[in-house]
Every structure is written in structure tokens, then in C-alpha cells.
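Read through the structure below, which is laid out as C-alpha cells, and then see the notes.
The values are calculated or read from the model by the stated rules, or taken from the named source; none is laboratory data. What you see is a predicted model, and the numbers here were worked out from it, not measured in a lab. Positions of Cβ are generated from backbone atoms using ideal geometry, with glycine treated the same way; all protein chains shown enter the neighbour counts. What goes into the accessible areas is simple: the full protein's heavy atoms, side chains included, and nothing from ligands, DNA or RNA. Shrake-Rupley method; radii C 1.70, N 1.55, O 1.52, S 1.80 Å.
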Amino acid sequence: MSTYKAINLVKRNEGHIGPELFEMVEKTAPQPADGEFVVKQAYMSLDPAMMGWMTADTDSYIPRVELGTVMRSSGIGEVVASNHADFAVGDQVMGMFGWQEMALTDGTGVNKVDKKIPPEMALSVFALPGLTATQGLFGCGHPKAGETLVVSGAAGSVGSIVGQLAKAEGLRVIGVVGSDEKAGWIINELGFDGAVNYKIDDLGAKLDELAPEGVDVYFENTGGPIQDAVFERMNAHGRIVVCGMIADYTSANPSPGPNWMRIIKKRLKIQGFTMPDHMHKAGELQAKLAPYVQSGQVKYRAHVLEGLESAMGGLSLFLTGDNKGKLMVRL
């Protein structure tokens with residue numbers, strides 16, 4: 001390839017996510033200098049956190065994507081040219097390569113992936129979703145057998161893994177989803193104990209039915225009305241893991257939080273976390289996750305969009321709830 005395509009961010013996310021925020025450009029294929037190599041991407045990951053990276057906010061856990069630069073994303077591909085001692089042509093690698101067909105890198109943050117692992121599995125389980133689920137559940141949620149866990153965004157890439165890990169650890173697991181199809185999937189395929197469809201169910205009544213003894217761990221991915229309903233049902237010494245707030249990523253006026261009196265009464269621990277703080281433990285987290293995958297206790301499904309340009313409209317699926325499984329783009 002003498003040229004390749006890339007997608008730049010050209011407008012800020014101010015409440016709507018769509019193709020008008022991006023621009024497709026064509027670039028000359030890079031040539032690696034000493035200590036560099038070139039990756040031809042096969043798949044790019046689409047993640048809810050991207051919507052936050054596109055805003056004007058400069059007070060966040062990771063720098064925003066600057067206008068006129070390639071949109072940030074993780075991906076997996078093959079090394080096609082190398083002047084790096086640790087990476088050879090033909091290696092399958094994963095890293096933050098951005099929305100582009102090719103990427104030039106010095107290897108920082110890039111990991112080799114065994115070619116026996118299909119790219120869809122790598123991005124769905126062993127990349128950011130699996131790392132986030134493992135760190136958030138075990139590092140912040142501290143699950144104990146016999147407890148009840150509720151996870152929002154339960155059919156998504158992170159939430160589905162959180163729920164399966166918790167089931168494997170002996171917890172009762174309730175997932176919050178946005179459709180009956182997703183409810184059926186997490187119960188019948190993933191083994192969840194119950195599901196709440198936030199679009200049609202009476203949230204409080206459904207939670208009382210499924211978690212009559214209250215909630216010990218809440219893994220928060222979405223925000224919205226379900227947050228208040230779960231918060232009011234937290235047990236003493238419960239833990240709330242705040243991983244994402246999809247409902248507020250495009251909102252000009254984010255929802256206010258619940259009153260803190262219950263935090264005192266129930267001695268709750270509420271912890272927000274982001275994976276950039278823990279990426280140095282990626283190998284350790286993958287090693288912890290792998291036995292669950294190998295034993296069949298963690299399953300996944302991938303929602304694959306075709307072609308680089310599909311990324312420009314793909315993020316909107318997180319807002320409509322039309323994504324089914326780990327969202328990614330095949331190049």
C-alpha cells in the first residue's frame with residue numbers, strides 16, 4: 001500500500017454523535033525509522049469512552065483528541081514493516097492505533113497477541129473490555145460468594161464479562177439491559193440470574209423481585225434512572241464501582257447524583273476507576289482472566305461493522321442501544 005486512509009476528528013461532541021464530526025483523509029504509507037514498525041490494522045475497537053474523548057473537556061483522566069488529528073482507538077493488526085528489535089514482520093499486535101488502516105509506532109503500549117487467538121476474541125475479551133471488567137470487579141468490587149451483584153450495560157462488552165466473572169465466583173447476578181433480546185441473551189447464554197429491561201420495566205419493582213435481599217455490589221456502566229433505583233437498595237457495606245456513564249456522555253446537563261445520607265447509613269464504598277491507571281497490570285489481569293475463558297465461563301459476542309468509514313456512524317449505536325456485544329470495525 002502506497003497510501004492509506006485515516007479518519008480525523010474535526011468537530012467536538014456537543015450532544016450529538018455522527019459522521020459530521022469526522023473527516024476521511026488519505027495519507028502516504030509510513031516508513032519505519034530505527035526502533036519503529038508499521039502495523040496494518042485488521043480490526044478497530046469502538047468504545048463508549050470515545051464519546052468523552054471527543055468533547056472540549058480538558059479535565060479528564062486522559063487527554064482529549066485534538067481537532068484535526070486521527071481519532072483515538074485501540075485495535076489489532078499485523079506488523080508489515082519493522083526496524084524494531086522486539087517486533088518482527090508477521091507478528092499479531094494490539095495497541096492504540098487510532099482510526100486508520102496503518103499505524104507507525106515505536107512499540108509503546110503495544111502488545112503481541114498469539115496468532116491462535118482470533119482478532120475478534122482478542123478485542124472482545126483480552127483487550128480493554130476484559131481488562132476493565134477484571135480490574136473493576138476484583139480490584140474495586142471485591143465480590144464474595146453468596147452476594148448479589150447488579151451490573152448496568154449488562155449486554156455490553158464490559159458488563160457481560162463482569163456478570164460472568166461474578167457468576168463464576170458464586171454471586172447472584174442481575175443485569176440491566178435495554179431490550180428483551182439482550183435480556184434473553186444474558187440469562188440463557190451467559191447464565192445471569194435475572195435481567196431488568198430499563199426501557200419497559202418498573203425498575204424498583206423488578207429489582208425487588210430479582211434481588212429481594214438487596215444489592216451488595218453495583219457495577220455502574222450507564223447512569224440514568226436505574227442508578228437511583230439500585231442505590232436505594234444497596235446493603236450495608238455495599239460497593240459501587242463507577243466505570244461508565246453512557247447516559248451522560250452527550251448530555252449538556254448530567255443527572256445529579258443521589259443524596260449521600262444513604263452512603264453514611266449503609267457505610268457504602270463508591271469508587272470510580274479508569275483503566276489508564278492500571279494498564280501497567282495488563283499482563284497480570286489477562287492472566288487472571290484467561291482461566292475463566294479457557295473453562296468456558298466467559299463467553300462473548302462481537303458486533304462487527306464493515307469498513308473504516310463505518311466507524312463514523314458506529315458510535316451512535318451506544319446511545320440507541322442497538323449494539324449487540326463488543327462493537328468493532330473490520331478493515
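Against the condition within 30 Å of Arg239 (Cα to Cα) and in contact (Cβ under 8 Å) with a residue 12 or more places away in the chain, how does Val150 come out, does it pass? Write out each step before concluding.
Working: within 30 Å of Arg239 (Cα to Cα): yes; in contact (Cβ under 8 Å) with a residue 12 or more places away in the chain: yes.
Against the criterion (within 30 Å of Arg239 (Cα to Cα) and in contact (Cβ under 8 Å) with a residue 12 or more places away in the chain), Val150 qualifies.
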Any residue in segment 109-131 that is among the polar types (S, T, N, Q) sitting within a Cβ distance under 8 Å of a residue that is buried (at least 23 other Cβ atoms within 10 Å of the Cβ) and in a helix (DSSP H, G or I)? List the pairs, counting only those 6 or more apart or interchain. Ser124/Gly130; Ser124/Ser157
Quick one: is Arg72 within 27 Å of Ser2 (Cβ to Cβ) and of a type in the set (D, E, K, R)? yes
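For segment 243-331, list the strands (runs of 3 or more DSSP E) that sit wholly inside it and hold at least 1 residues that are open to solvent by 40 Å² or more (accessible area, probe 1.4 Å) and under 30 Å from Ala42 (Cβ atoms); which are they?
Working: elements: 269-272, 302-306, 326-330.
Output list reads 302-306, 326-330.
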Could you grab me the full set of residues in segment 33-47 that are in a loop (DSSP other than H, G, I, E, B) and open to solvent by 20 Å² or more (accessible area, probe 1.4 Å)? Ala33, Asp34, Gly35, Glu36
Here the residues within segment 93-119 that are surrounded by fewer than 19 Cβ atoms within 10 Å (Cβ to Cβ), under 22 Å from the mean Cα position of the chain (by Cα) and outside any loop (DSSP other than H, G, I, E, B) are Asn111, Lys112
Of the residues in segment 186-238, those that are assigned to a strand (DSSP E or B) and crowded, with 21+ Cβ neighbours inside 10 Å come to Ala195, Val196, Val215, Asp216, Val217, Tyr218, Phe219, Glu220, Met234, Gly238
Any residue at all in segment 8-28 that is assigned to a loop (DSSP other than H, G, I, E, B), small (Gly, Ala, Ser), over 19 Å from Glu120 (Cα atoms) and open to solvent by less than 10 Å² (accessible area, probe 1.4 Å)? yes
Every pair of residues 6+ apart whose Cβ atoms lie under 8 Å, when the first sits in segment 246-266 and is closer than 25 Å to Ala155 by Cβ while the second is among the charged types (D, E, K, R) and part of a loop (DSSP other than H, G, I, E, B): Pro258/Glu232
Considering residues of segment 63-76 that are touching a residue at least 60 places away in the same chain (Cβ under 8 Å) and outside any loop (DSSP other than H, G, I, E, B) only, the residue least open to solvent (accessible area, probe 1.4 Å): Val70
Picked from segment 132-149 (must be open to solvent by 30 Å² or more (accessible area, probe 1.4 Å) and part of a helix (DSSP H, G or I)), the residue farthest from Arg172 (Cα to Cα) is Gly139
Residues in segment 158-180: is at least one modelled with pLDDT under 95 and open to solvent by less than 10 Å² (accessible area, probe 1.4 Å)? no
